[in-house]
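Here the structure comes first, spelled out in structure tokens, and everything after it is commentary.
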Amino acid sequence: MSRPFLLAQLTDSHIGADWGGPVGPELALAAAVDALRTPRHRPDAVVVTGDLAGDGAAEQYAVVREQLQRLEIPFVVLPGNHDDRATMRAAFDLPGGAEDPIHVAVDLGPLRLVALDTTIPGKVDGALPESELQWLEQSLQDAPERPTIIAMHHPPVLTGLSAWDATAIGPVERTVLSRVLSRHRQVLALIAGHLHRALVSTFAGRPTVVMPSTYLQGSLDWSSADFGFVAEPPAFGLHALLDGELVSHVQPVG
Ligand SMILES: [Fe+2]
Ligand SMILES: [Fe+2]
């Protein structure tokens, strides 16, 4: 049996943050990378779905870049609400103007990855402005036959937890995104971060997966209106593409 193509997903490393927990974000990210370097997990490419940095400082991106380079495979980074576009763009030598959205459509082996920028500079909330949705439409039109994953920081689904849903992408933008996807059957799944825990849903009929943070996990607390952290293990995602079908694994670290 042939080995599937493996896209690893790291998210919400928050390098430089000091939010408690047994291990700081730097060591936690290093542990996730250590795990990915072992033969049993070793991926073919990796995407980091935002909140790389604690507060967008250049030295925080240098840590992430150094860790990703240890994997010696192609990597894609997209921003979260804790990131700074200009600093992140400079740190990773990304094309475009300093404050432009950080998005990319790239072929990784048999898989096409379209990474969206759902951030609004200076805000926690997610967004998909018309310009970003038009870029997505064009990117999907460019390769209608390629199995494709769409990656984004803010997931396009609601959770039912008010503290999280207060930061969600708005309903009109989600409706337009759904219409775009209805025209592009090659999209196998949407993957996201931001929530700091694993979640599975569907959006526009496609599997939609949120991966845990490599640092701290969000509390699943229906009794609270606040976002809190909980002592659960960090994890990463491994999206496996085999004969055109995708399966997403969640792998705890440590
Ligand atoms: Fe985060
Ligand atoms: Fe976030």
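Test of understanding: express the Cα radius of gyration of the range 44-182 as a ratio to 2.2 N^0.38 Å, with N the residue count. Let's see the in-between values first.
On the way: Rg = 15.0 Å, N = 139, 2.2 N^0.38 = 14.3 Å.
Its radius of gyration relative to the 2.2 N^0.38 Å reference: 1.04.
What ratio of Cα Rg to 2.2 N^0.38 Å holds for the range 138-254?
Here the answer is 1.13, to two decimals.
At a threshold of 8 angstrom on Cα-Cα distance, excluding pairs fewer than six apart, so keeping six or more, what relative contact order does the range 149-212 reach in percent?
37
Mind giving me the FRET efficiency for SER223 and THR167? R0 is 22 Å, r the Cβ-Cβ distance, nearest 0.05 is fine. Working from the Cβ atoms, E equals 0.70.
Volume per residue for the chain equals 118 cubic angstrom (convex hull of Cα atoms).
Which three numbers, in whole Å and largest first, are the semi-axes of the equivalent ellipsoid of the range 1-80 derived from its Cα gyration tensor as √(5λ)? Mind showing how you got there, number by number?
Details: eigenvalues 110, 36, 21 Å².
Equivalent ellipsoid semi-axes, largest first: 23, 13, 10 Å.
Taking the chain as a Gaussian network of alpha-carbon nodes connected by springs under 10 Å, the highest mean-square fluctuation of the residues PHE236, PHE203, PHE227 belongs to PHE227. Take every DSSP beta bridge whose two residues both sit in the chain; close to 55 percent of them are antiparallel.
Within the chain, what's the longest stretch lacking GluC sites (Glu not before Pro) that sit in DSSP loops with no more than 11 other Cβ atoms inside 10 Å? Walk me through the intermediate numbers first.
On the way: sites that count: GLU72, GLU99, GLU145.
Longest stretch, sites excluded: 146-254.
Extent along the principal axes, Cα only, for the range 51-118: 35, 27, 18 Å, with the longest axis given first.
Of all the options VAL106, VAL157, VAL210, the one that moves most in a Gaussian network model of the chain with Cα springs shorter than 10 angstrom is VAL106.
Taking the Cα centre of the chain as origin and assigning +1 to Lys and Arg Cβ atoms and -1 to Asp and Glu Cβ atoms, the resulting dipole is close to 800 debye.
Each value in this text was obtained by applying a stated rule to the coordinates, not by laboratory testing. In this text, all values refer to a predicted model and were calculated from it rather than measured experimentally. Positions of Cβ are backbone-derived with ideal geometry, glycine not excepted, and every protein chain shown enters the neighbour counts.
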